[in-house]
Every structure is written in structure tokens, then in C-alpha cells.
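Coordinate-derived values only; no laboratory data. Not measured: the values here are computed from a predicted model. Here the Cβ positions follow ideal geometry from the backbone for every residue, glycine too, while neighbour counts run over all protein chains shown.
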Amino acid sequence: MTPTRIAIVLGSTRPGRKADTIGRWVHQHAAQRADELHAAFDVVDIAEYGLPHLDEATPAIMGSYAQPHTRAWAAAIGAYDGYVFVTPEYNHSTSGALKNAIDFLFAEWNDKACGFVSYGVQGGQRAVEHLRLVAAELQLAGVRSHLALTLGVDTDEDGVATTDRQIQVLDAMLDETVAWSRALSAVRD
């Protein structure tokens with residue numbers, strides 16, 4: 001069986017961001033379970049793509065990408081069967097950088113699944129609520145389970161202060177994301 005490929009998308013480019021630390025923690029845990037799930041997990045950092053504010057002349061739904069950075073981003077995202085978005089909550093929403101990165105593409109997201117890990121002073125739940133609406137428009141199936149981390153409670157200067165509850169929720173979200181990603185492969189085919 002070919003492993004289901006899941007990208008753990010780091011949704012912040014802000015200096016001093018927690019997305020990197022939290023995303024790599026998610027990846028480390030997911031990688032330990034990869035054989036059990038028949039899945040492969042990679043970290044995809046939007047900061048590495050240097051995407052400017054959306055600069056494509058035609059809407060992404062047209063699939064006509066003129067800019068080299070858009071084509072590179074499309075190739076990276078299109079290679080995956082599903083996604084885990086690691087998002088901060090900024091002003092009751094996701095980061096502008098993540099929303100911008102999502103908006104660059106359309107077909108590459110279609111008929112795949114996504115899970116969410118959010119963080120913020122109140123756990124980042126409102127960022128995920130906004131992302132769920134965006135995901136639905138892109139034909140991404142957002143899974144029910146969602147890990148919300150409260151800064152300063154669930155995280156510290158060293159990373160995530162892991163608890164059994166967090167691991168249970170993370171495992172449920174990963175299970176659902178892989179299962180839905182695999183199920184939607186029939187739709188993509």
C-alpha cells in the first residue's frame with residue numbers, strides 16, 4: 001500500500017513564531033505513528049516559499065499560474081493527499097500569511113482532507129473556524145478533531161508541554177485526516 005502523504009503546513013512567517021516549534025512537535029509525533037497509519041508526514045513551511053501578497057493576475061480557480069513562486073508552491077502542495085494546518089490566532093482569525101498562501105492555489109487543495117492544530121492566548125479556535133470556511137470553499141474536507149494549544153499553558157519556551165489529553169486529541173485528528181485523505185483518493189481518481 002502506498003503511504004498517504006500528509007503535509008504539516010506551518011501557517012506563520014512572523015519572527016519569533018511558535019508555528020515552527022509546534023509544527024515540528026506535531027511532525028515528530030506523527031512520524032512515530034506513520035507506519036501504523038500507513039502515512040508519510042512532511043513539514044511544509046510557507047516561509048520557505050517567499051510568497052508575496054497575492055500577485056497572480058488570474059484567479060486561482062483558472063489554474064493558470066504565471067509566477068515561478070506560485071508554480072513552485074503549487075507543485076509542493078499538489079503532491080500531498082492531505083494537510084494539517086498549524087495556525088496561530090491573530091485578531092480572531094488565522095494569519096494573513098497562511099490565508100495568502102492558501103489563496104494562491106485552488107485545484108491543488110481539491111478533494112483532500114485537512115486537520116488543524118491551533119495556538120493562541122485562547123487556544124486559537126477562532127482561527128480554525130475561519131479556516132474551516134475557507135477549506136469548504138476549496139473542497140477540502142476539514143476533520144472534526146482539532147488540537148487547540150493555549151500559549152503559556154500548553155506551550156513554554158522549550159515547545160509544547162505535552163499532556164495525555166493533547167496526545168489523545170492529536171492522535172484522533174491525525175487518524176481522521178489520514179482516513180479522510182485516503183477515502184477522498186477515490187474522488188480524486
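Quick rundown of the values:
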quantity	calculated
L54 paired with H130, simple spin-label distance in nm, labels 7 Å along Cα-to-beta-carbon	1.4
GNM top mover of A57, A101, A79 - the chain, alpha-carbon springs below 10 Å	A57
Order of Y90, Y119, Y80 under a 10 Å beta carbon neighbour criterion, fewest first	Y90, Y80, Y119
Residue (of G82, A39, P15) at the positive-pole extreme of the stretch 8-86, dipole from beta-carbon charges	P15
DSSP-defined antiparallel bridges as percent of all bridges, the chain, nearest 5	10
Residue among P15, P68, P52 with the largest mean-square fluctuation in a Gaussian network model of the chain, springs linking Cα atoms under 10 Å	P15
Cβ charges +1 (Lys, Arg) and -1 (Asp, Glu), total dipole of the chain, debye	240
Shape call, the stretch 25-133: gyration tensor on alpha carbons, a/c limit 1.5	oblate
Whole-Å distance, taken between Cα centres, linking the stretch 105-144 and the stretch 1-56	14
Phi to ³J(HN,Hα) by Karplus 6.51 cos²θ - 1.76 cosθ + 1.60 over the stretch 175-181, Hz, x for Gly, Pro	4, 5, 5, 5, 4, 5, 4
For S118, residues with placed amide H under 5 Å, excluding near neighbours	T87, L147, A148, L149
Fully extended contour minus Cα-Cα distance, from Q139 to R71, at 0.36 nm per residue	22.5 nm
Built amide H within the under 5 Å cut-off of A39, gap 5+	T4
Value of [θ]222 nm, deg cm²/dmol, for the chain, DSSP H segments ≥ 4, -39500 (n - 2.57) each, nearest 500	-13000 deg cm²/dmol
Interchain or long-range residues, amide H under 5 Å from D45's placed H	L10
Residue-wise HN-Hα coupling along the stretch 20-32, computed from phi with Karplus coefficients 6.51, -1.76, 1.60 (Hz; x: Gly, Pro)	5, 5, 5, x, 6, 5, 4, 4, 4, 5, 4, 5, 5
Net charge dipole size for the stretch 1-83 [Lys, Arg +1 and Asp, Glu -1 on Cβ; Debye, nearest 20]	200
Ascending count of other beta-carbon atoms within 10 Å, so fewest first, for E157, E137, E108, E129	E157, E137, E129, E108
Relative contact order for the stretch 69-121, counting Cα pairs under 8 Å that sit 6 or more residues apart, in percent	53
